[in-house]
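Only one structure is covered here, and it is reproduced in the block below.
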Amino acid sequence: MVVGHSRPDREEKGRFLDMKKLDVIAAALVIIGALNWGLAGVFHLDLVATVFGMKFGETSGLSAVVYSLVGLSGLYQALTWKSIQRRWHSASAGARA
């Protein structure tokens, strides 16, 4: 069946795009974490705490969620960096063709 054959291709493309979105979100969170660490080291400023109205080093439930998401994003990127490179390299190679 030709009709059934195109469906997995769409699903695969959708999954590919979903993974690329996850890559972008993870990269953004890692950048936020890196900037926060830089600010903490240079200026003794915890940007996440400041956004949530707290002082340097204080945490709340919301800030803990942000810190956890940043940490999980770093772990995701560290464990899947080869896959991320392949996804983005194949996408850019396809765009050039």
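Rule-based calculations on the coordinates, nothing more; no lab input. A quick note: this is a predicted structure, and the numbers were derived from the prediction, not measured. Cβ placement follows ideal geometry from the backbone for every residue including glycine, while neighbour counts extend to all protein chains displayed.
Taken along the Cα-to-beta-carbon direction at a fixed 7 Å, the label points for residue 72 and residue 32 span 1.3 nm.
Counting 0.36 nm for each residue step from residue 11 to residue 54 and taking away their Cα separation leaves a gain of 11.1 nm.
Evaluated over the stretch 2-88, the count of Lys pairs having alpha-carbon atoms less than 21 Å apart is 4 (only pairs 8 or more residues apart or interchain).
Working from Cα pairs under 8 Å separated by at least six residues, relative contact order for the stretch 2-88 is 32 percent. Overall size of the stretch 2-88 from C-alpha positions, given as principal axis extents largest first: 62, 24, 15 Å.
The residue among 22, 45, 34 whose Cα reaches farthest toward the positive pole of the charge dipole of the stretch 2-88, with charges on the beta-carbon of Lys, Arg, Asp and Glu, is 22.
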